[in-house]
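Visitor: The structure follows.
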Amino acid sequence: MQRCVLGRGVCAAAFILATSGALATSGHAIAADLPQPGAPPQAPAAYVPAPPPPFGWTGFYMGGNFGFGFASANSTVTGGGFTSTASENLTGFIGGVQAGANYQYGMAVFGIEADFDGSSQNNTTTVGPVTETDKIPWLGTVRGRIGAAFDRFLVYGTGGIGWGEFQSTLTVPGLLLASSTQSHNGWVAGGGVEYGITNNVTARVEYLYFDSGNVSLGNFPGVTTTGRVQDSMVRFGANYKLP
């Protein structure tokens, strides 16, 4: 160790300066070796669920319906030397199944549908000594549909052909008890509103009008019954659209 010859004060100052320089140099070296701070961590992106697929009316569907029927029948009974004309109303519940397919082009929706409904519509009419009980056991239709879609709302008109069974039981006291069952076709038209509850389930309310035209309602020994059946039906229904 060398002895300072400049005096204690000068030597102490020189020692302090040398020590400070060494510490500063070593501090910079250590700081250079430490990891440097990077960019601040970013929060994870917020979860945004994927939007549901858009609703559309295109596709096949099937479902069920129920409602009420208000039929009127004008009948002419001829036999036994007399002719009587009468009108009657046949009312009752209806219900059944339907299936069809739609194709949507823009707002326009085109479709075809077939259905089959059982019916409790009936009425008993007495004309003179003759009692006639008429029933409509079932009805079926095949119809085209055309409508306008407002997203999940569909307003449509429908028309086509229909079939129905008309059953008559005729009673003449002391003379006759007979029944006849016949099926007749006619035209049918109507309209309705349908709503998409989900992408696959829809609900509807519709009105259908069935007209058999002039037909033979029953032919019994010595007695002929002719007439026209006009049936108005209000139905509520639900459909499942196949994926």
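Visitor: Between beta-carbons, use under 12 Å as the cut-off and find the net charge around D211, counting Lys and Arg +1, Asp and Glu -1. Numbers along the way, then the final one.
Guide: On the way: positive: R228; negative: D231.
Summing Lys/Arg as +1 and Asp/Glu as -1 gives 0.
Visitor: Between rounded, prolate and oblate, where does region 67-121 land on the alpha carbon gyration tensor, with a ≥ b ≥ c its root eigenvalues, rounded for a/c under 1.5, else prolate if a/b exceeds b/c? Could you put the intermediate results ahead of the total?
Guide: Working: a/c = 3.93, a/b = 2.78, b/c = 1.41.
Prolate, because a/c is 1.5 or more and a/b exceeds b/c.
Visitor: Do you know the relative contact order of region 59-241, to the nearest whole percent, from alpha carbon pairs under 8 angstrom that are 6+ apart?
Guide: Working: 543 pairs, mean separation 42.7, N = 183.
Relative contact order of region 59-241: 23 percent.
No lab work stands behind these numbers, since they all come straight from the coordinates. The shown structure was predicted, so the numbers you read here are calculated from the model rather than taken from an experiment. Glycine gets a Cβ as well: all are built from the backbone with ideal geometry, and neighbour counts include every protein chain shown.
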